[in-house]
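Have a look at the structure below, then the notes.
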Amino acid sequence: LVVAVVVGAAAVRAQRTKDHADAENREIAAVLGAPDARTVTAPVRPAGKGTVVVSRSLGRAVIVMSGLPRLSSARTYELWFMGPRPPRPVGTMRPPADGSPRPVLAAGLGDARQIGLTVEPAAGSARPTTSPIFTVTLS
């Protein structure tokens with residue numbers, strides 16, 4: 001009985017994870033396929049490359065970073081929407097252990113004119129504490 005409960009709980013958890021990943025993939029595909037989707041690529045300092053696909057009509061962006069150097073456990077990368085208002089955090093990210101780039105779906109684009117990436121404390125920051133190592137101007 002205990003084994004059945006454990007296996008059942010694991011199956012439910014796996015299904016929820018799959019459902020979440022499927023929903024996120026559909027949202028990413030919507031941005032990539034939007035009629036107004038625009039792609040911008042720029043280098044990341046000191047190494048790497050970032051690509052942003054933005055859809056103003058959906059108010060979302062898909063961001064992919066590759067080649068980012070590993071950071072100590074005390075630091076993380078943080079994405080920002082930047083524009084006429086103070087920078088707004090989009091979320092934090094760490095390079096995957098296998099090195100493969102993973103897309104980040106960012107909602108709430110609003111009036112942002114740029115997307116930037118900074119190095120921040122591991123928990124992230126409410127405002128950037130370092131200069132951006134990557135910025136792209138959004139059309």
Check the stretch 18-29 and report whether any residue there is modelled with pLDDT of 90 or more, touching a Ser or Thr at 6+ places or on another chain (Cβ under 9 Å) and acidic (Asp, Glu). no
Among the residues of the stretch 86-124 satisfying the criterion of being of a type in the set (Ser, Thr, Tyr) and modelled with pLDDT under 95, which is farthest from the chain's Cα centre (by Cα)? 100
Failed item in (1) closer than 22 Å to residue 122 by Cα; (2) more than 11 Å from the chain's Cα centre (by Cα), with residue 80 passing the rest: (2)
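The values are calculated or read from the model by the stated rules, or taken from the named source; none is laboratory data. Not measured: the values here are computed from a predicted model. Cβ coordinates were reconstructed from backbone atoms using ideal geometry, including for glycine residues, and neighbour counts include every protein chain displayed.
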